[in-house]
Structures are given as C-alpha cells and as structure tokens.
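Only the coordinates and a few stated rules stand behind these numbers; no lab work does. Quick caveat, the model's predicted, so the values are computed rather than measured. Every residue, glycine as well, gets a Cβ built from its backbone with ideal geometry; the counts of neighbours run over all protein chains shown.
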Amino acid sequence: MRIKLDDSLLLKVEKPAKYTGNEWNMVKKNPEEVSLRFAFCFPDDYEIGMSHLGMKIMYHVLNKREDTYCERAFAPWADMEALLRENNIPLYTLETYTPLHEFDMVGFTLQYEMSFSNILNMLDLGGIPVLSKERTGNMPFVLAGGPCACNPEPIADFIDFFVIGEGEEVTPEIIEEYKKWKGSGESRDQFLERIAVIEGVYVPKLYDVSYHEDGTIKEVKPSSPIAPAKVKRRLIRDLDAVDFPDDIIVPYVGTVHDRIMLELFRGCIRGCRFCQAGFIYRPVRERSYEKLLDLAQKSVEKTGYDEISLISLSTSDYSSLPDLCNNLIKFTESEKVSLSLPSLRVDNFSLGLMEKVSKVRKSGLTFAPEAGTQRLRDVINKGVTDEDLVSSVQLAVAGGWSSVKLYFMLGLPTEAMEDVEGIADMGINLLEACRGLPGEYSKALRITLSTSCFVPKPFTPFQWEPMDSMASLMEKQYHLKDRIKKRTRRIDYRYHDAKLSFMEAVLARGDRRIGQVLYAAWKKGCKFDGWDEFFSFDKWMEAFRECGIDPEFYANRKRKFTEVMPWDHLDMGISKDFLQHECQKAYEGDLTRNCAVGCSQCGAQAYKAGICTKAKRGASENG
Amino acid sequence: MAKALRFKFSRSEQLKYIAHLDILRVFERALKRSKLPLAYTQGFNPRQKLVFGLPMSIGLTSEAEYADIEFEQDVAPEDFIRSMNSSLPEGIRILEAVEQNINDNIMNQITAAKYEIGLETREDISQNEMDNILHRLLSRDEIFVLKKTKKGMRPVNIRPWIYSLSIRKKEMNSFLMEAFLSAGAENNLRADLLMQAFNQETGLEAKTLAMHRKALYASSFNKWQDPFEVANG
C-alpha cells in the first residue's frame, strides 16, 4: 500500500519536505524485486536523524545488496503526528510511502536514552504492536542497535532482537538467515533462534532475569540452550575493508549536520573514565588517509556539498592528521569546499590548521576540561592540566579568537564544593591570563562556562557510581552562578536541566523492569523527551509511582562491585576487572596512560585490531 | 557562449513542499555536481553568483521561474541546460537559457506574476454568481489584509497590487482562478495572501487546491516583458 498524502495535510505542517523524501541520492528500487524490505527508523526528528552518520553507513551497506531495500522513517514532529492520527494514516517510509507494518524488518538506532519513548510511538504510529510479545505471524521483526544497545534491558520488552556493536558485517549475516527462514514455514521464534547464534545478536526473550529481595539482579540466564551465556559485540577490525558511503542523501531541509562527514577512526585512546564512547568502541581503528582523501573527492562529486567535516572522538589523535589535512586542504581550496575540524586539541599545530581552513570569522573556540580542579580531572583521567588550558586559551586569543566556551560536568564522583568553585575560578584565571595579550580581542574576550550533569553509564569505570541527587546538582548550579556573578560580568554561565539528566540516568542503567515505566510514560503522552518543549518530568514520575518503581534505585544508588549489572551478559570487549580497577584508581586520583603510550590491558587487545597491534613506547613495562 | 546566463525553470508537484532557501541550496549543490566553471564571490565565505527572480513559497508549482548565473569561463546555454538537468532532482527542470549581458539582475527586474489557483467552494456556485462576486471585489478601492512586513503583521491595502482577476468554473464547486499580481522586490503579493483576502472579503471559505505560477514579467516603458527579453538590456 502506498500512502497518499495531499496538500490539505502537508501544507498544514512546518517544513513539509521532512515528510516527502525524494532527496538527491535517495535509493530507488522495486520493492517487488527484493527478498527483504528494511525500514531504518531514527527515533527523533528528520533534521537530527539525517545528520547521523551511522544511519548513512547502514543505508549504504544495506542498499548495496540487491536482495535488500532499506528505506527511512523518522519520528514525525507533533504537528505531523496529530494529522497522521487524525486521518488514520500510518507512519510510512520516505522512499516508497509504505507503512512500517508492511516491512520485513523495522530497525531503530539507539543514540540517546531520551529517544526511547519515540520508539514506542513510532511503532504505534506505524501500525506495529508496541510490545514484542504481541507481534505474530508476518508482522515485522523489530530490531535495534547503536551505542545505547550496550544496555538494551529497559527496552527489551519492545524489541525482538538487538545488534550489539558495529553493524556493517553482522547485519548481512542476519539477512542471509532471514532469507533462509522466509517461506520455510518456520515460526517467528524459530527465526529468532536461528539468529541468536550469530555473534553480536541478542534476543532478549531467550534470557530470564531473576532478582534478589533487595531488588538487585540475581541472575541473567539463557532460557534456551541455543542462546550464548554472553553476547559478544561485533567489531570491524579493518575500517578500510568495509564500505563507507560517498553517495549520501542530500536533504532538502537544512539538517543539524548538513555536510559530508568523513569518519577518521573509531574508538578513542584517551580513556576518560566518564565517557562511554571511550570504552565501548575500543580498540582505536583508523581509516587510512589515502582512503579518506578518495572518499572526500567522490563525496563532493556525488553530493554537491560544499562542506566536509572530519569525524572522530578526538581528531588530534589521528596518526596521519598532518598528511590528511595538507592534502585535503589542497583539494578543498580548489573546489571551494570548506573543511571543519571538530574535537581538536588546541595547540600550535591545530591553530595553524584552523587558520588555514577557517573561512568564517574566528568567533568561538570550545574546550572540554570537564572538571574545575586538577584533583578531579585526575579522578576522571582527563589528562589536561591548568597550564595546558591556560596556554591553549592564550594561544587562541593571541591568534584572534574572541570567545571561548568551556564544558564541565557537575556531580562527578568524589566532587566537593571546592571542585565546583574551581570551575568559576578557572574562568576567572583565564580572563586574567589573557589580559594584555596581543590579539585584537584580548580585552573583549568572552568566556562561557557550561555545565552538564554527570550521568554514570554502563561499561565505564563509573558504572557502579551513584548519580548526584537532583537537589545537590541544583545547589551546585546556583552556587556556581552566584560565585561567577559576584566576580565578573565577562563570564556567561549555562547549565543543563538536572531533571532531564536524572531520567537519562534511570534509563541508562535500567533493567527490564523499567520497560513497564517506559510503556506507562508513553501512554501518558511522553515523546521527544530530549526536547525541552516536550519533556515532562511529572508524567515520568507519575509513571514510576503507578508501576511501584523507585527511580532513585536506578539513578542514585551506589552499586557494589559484586552486584550483577543488567548488562553483564553482554561483552563489549572491555573486562569488568579492568573497569573496577579503573574505578579504584579514580578514587586515588591515579592516571591511566593512553593507548598510544602503552597498553593497560582493558580487554580490547583480544580483538587484535587497530592500535592494539601496533608497537608502542612503554608496552614492555606492562604486565 | 557567455559568462552570464539567464535561465528559466519549472518546479513540479514533487518538489513543491520545499521552502525558497532550500531551493537555493538545491541549485547550489546541483551546480557543484554539474562541474560547470562557476564564478564565486570574493571574501571569507565564497558564494556562487546565482540570483533568483522571485521567491517560491511552499506549495507553489511553477512553469516559469527565472534566475541569473555567472561563470568564470564562457558556457553555451545548451551545455548549461544539459548538464544542469542531469544534476538537478527530477522535480526541477531547466527549460531555457539565454546569454545575459546587463548589470541589472533578475531580482530587480521582476515586477509582476501570473498565477493559476485551483479552488473549491463549500457549495455549488454558478459561473454568473462567481463573476458577480469577483466584480464586486474588484470594484473596491481598498482591500485590507494582514501582511507580514518588516514591522510585524500589519494591515496592508492589496487592491492596487491586483492587476486582473478572473475565475472559471470547472465543475460543481471547483474553480480555476487566474490572477495577475504585482510581484518582485517591491509590492509583492503572494498567491496565498490573495486567497486569504478573497476568503476574508467574500466569506466563501474556499479551499485552495493548487497554486501554480504561469509567468513572471519584467516591465519597461509601461510594457510587460518576458524576463528573457530584458536579459540583454
């Protein structure tokens, strides 16, 4: 069935082109001629989803297969949702206007915990039963993957199977099984059993969870002999060997990241103890700069974009950065393409680089010291010193940058009020240090201090830590605001909503029992929870009360090292012993060297990939 | 062969939900894909030298949009058409292109536009009755409607901007209106604002089914001219 949409509907919504597809490079296939129709769903607005690199990669990988047609769907904005519901129009894909319920597989990407309610909403809008157990016969299989799949338990009730780790290689394996299953007369459960043995596939219904009286988990155990006791995440060992899209879709409406994105590498050598991405993508694996140059040229040719952004967790750590940039700049200058370099460490080299590539006025430069005192930065293993920061900011200001943004977290483990005050003091010190510098803006330098609330995440050394209470976080925010205001007007202070972070903390480390709360909250109308204009803390709290579940048990409770975590049956390549050791080192303020300096035996070395295979200084010291 | 061209293009149903600024980007990217020798502005943020005649609002289809483009080297109009039509999405087609060698750009030249507006009234109305309604409307000196201006929403008299208006009954309650309206940098009357005024003044509550631009005009010496005629002074 092809959905018909007419003007009476589309002309009533904001930015109707978010719902009409047909963009440049959109893949067109005859759905009759493929064995598997896949709806790739992004549980947020089109402008966010179309900025997401992972979706572009999977769209490309799936559509390269002749037997598969991958289409896209996004969470409709509230105006469009109201019209869809009013007119009984199911949520559809942009490629062929097919309702979600007609697909073989419906896959969600999990980028952010606060988009979970949108998954339920999109399933419902797409005419698919929201609960996995209510799906029967030839209804689609609903799957999910992405970073938040490393704790899939809060949405286990809604998802038939999860893909753990990187998707390029495992998804085709799943498709092959699907083709064997389709038309075989086997049941839905039999398909799930077929794929449960594939490395990287987690079928939640094949696992039983039991609990202790105090509410903690007793055991997570396979209920079927087929299901592995531990599900191992998938990892691409050689990035050059997998396809990377150069023919990405060029949207009509402006998106958040409306440009070519070149992925330099996956993983991060740094090991900041709060950062989930820094652990779950280990080891660092680079794409070669020759391959990247080739991709840059082909991408510009095929898309017509005039901007390229280099993507990674820490651009400065890319081993061939000078080679890549020098060659890229030659190309971008001649083609009138601009180059942006996010996540750069500020030093002489990078400032020189920015000077060369920057076409816009030097306005804002961003730093992320994360904590206000050296002691606390050592706790989180953020290897930045006050001196580093002062000299970086001095360099930037002398080089003509007029405003500097600094990002911090409040509520980090072991934080005292002194550490909070350190944030204000750092801002003031920087102002002082830049006074009298030659840069044209040194007198007019503006500093913005921004604090988020620390949310402990699975597979980090802080996974056992309690999140700071909302009351304490708010007290710290007010204290900081006050301290800054009393001393200077040249510092702006911004902070995140502690209530939103609290909910994120519950969902991030939730177990299967959170599923019923999510369901209840969605029933109450929760959706787009990451958006201020939609987020309703009160509705969520009502949902917790109705389900008899205490959210603080998940957010604010200190776990014992011996406690069974809801995600312990997943293996993300990092050993629990290593994480525990890192946590203990954190309390001591003990730093851990980065992977480029030497191996710290995190567990990822077992993959024998990327940086783990390279000889480095200090490797021999390691036991 | 010329370093500057004026071209005419159409926009069909499938691309009519795109806002004007997005259309601009569609062209910029198509031009980049076309590998034509584009001319860029100087400065920090080089832009293609591309100017559109008149913005297109969301929902509008057209068979006569115009734009001016400059190149670094001579480009033949037929080469431009061929190479752009393979770089543009299906919903936009370049129809014609001519050399341009005046300094005044298309945006400053456009002064009027002709529209076809499909509408549906709530009840069956005869052609005669509709003609009378239109006649009464046009015989007025002033028709005030709220228009977004630089100073916010303000009542504006749009009557002087309506050059002609006619309506033809297609069936029962479905009509096709032809409107010849003032357009351009000054005194631009959009088709949707006209329909708003029409409903406000007649009380008909007619539903707009389609808005289509038939033609754009430049004017010189009190004569309406095809924008191609004024491309060379």
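Quick notes
- Separation of the alpha carbons by more than 31 angstrom is noted, of B:8/B:151; A:539/B:147; A:28/A:356; A:330/B:49; A:12/A:179; B:8/B:148, for B:8/B:151; A:539/B:147; A:28/A:356; A:12/A:179.
- Rg over Rh for region A:374-524 works out to 1.06, using Cα positions for both radii and the Kirkwood form for Rh.
- Under 5 Å, built H, 5+ apart or other chain: amide partners of residue B:209: B:118, B:119, B:120
- Helix-only CD estimate at 222 nm, as mean residue ellipticity for chain B, using -39500 (n - 2.57) per DSSP H run (n ≥ 4): -6500 deg cm²/dmol
- Relative contact order (%) - chain B, alpha-carbon pairs under 8 angstrom, separation at least six: 26 percent
- Taking N as its residue count, the alpha carbon Rg of region B:111-225 over 2.2 N^0.38 Å: 1.07
- Distant-in-sequence amide contacts of residue B:38, defined by a placed amide H-H separation under 5 Å and a gap of 5 or more residues or a different chain, comprise B:72.
- Relative to the longest principal axis of the Cα atoms of chain A, helix A:348-357 runs at roughly 60 degrees.
- Euclidean distance of C-alpha centroids, region A:1-55 and region B:9-24, integer Å: 17 Å
- Of the two radii for region A:7-232, the radius of gyration is 0.97 times the Kirkwood radius, both from the alpha carbons; that is the Rg over Rh value.
- Size of charge dipole - the protein assembly as shown - debye, nearest 20, with Cβ of Lys, Arg +1 and Asp, Glu -1, no other charges: 1340 debye
- Straight Cα distances below 20 angstrom link residue A:576 to the lysines A:218, A:221, A:230, A:232, A:457, A:558, A:560, A:585, A:608, with same-chain residues fewer than 8 positions distant left out.
- Principal semi-axes in Å for region B:2-101 [√(5λ), Cα gyration tensor, largest first]: 21, 15, 12
- Relative to one another, the C-alpha centroids of region A:407-481 and region A:162-216 are positioned 43 Å apart.
- Comparing B:121, A:564, A:111 along the charge dipole axis of the protein assembly as shown, the residue lying farthest to the positive side is A:111, per the Cβ-charge model.
- Acute angle (nearest 10 degrees) that the helix B:191-202 long axis makes with the longest principal axis of chain B, alpha-carbon atoms: 10 degrees
- Based on C-alpha pairs under 8 angstrom that are at least 6 apart in sequence, chain A has a relative contact order of 14 percent.
- Computed over region A:570-621: relative contact order in percent, which uses C-alpha pairs under 8 Å that are six or more apart: 38 percent
- Mean residue ellipticity, 222 nm, helices only, chain A: the sum of -39500 (n - 2.57) across DSSP H runs of n ≥ 4, divided by residue count and rounded to 500, is -10000 deg cm²/dmol.
- With 10 Å bins from 0: P(r) over chain B, alpha-carbon pairs, percent: 7, 30, 32, 20, 9, 2, 0
- Compactness of the protein assembly as shown as Cα Rg over 2.2 N^0.38 Å, two decimals: 1.05
- Burial order of peptide ranges A:423-432, A:117-126, A:472-481 (average beta-carbon count within 10 Å, highest first): A:117-126, A:423-432, A:472-481
- Distance between region A:115-142 and region A:240-313 - C-alpha centres, whole angstrom: 31 Å
- For region A:112-256: rounded, prolate or oblate by the Cα gyration tensor [a/c cutoff 1.5]: rounded
- Crossing angle, helix B:20-34 versus chain B [Cα axis fit, 0-90 degrees, rounded to tens]: 30 degrees
- Per-residue shielding of A:22-31, expressed as the average number of other chain Cβ atoms within 10 Å of the residue Cβ, stands at 2.
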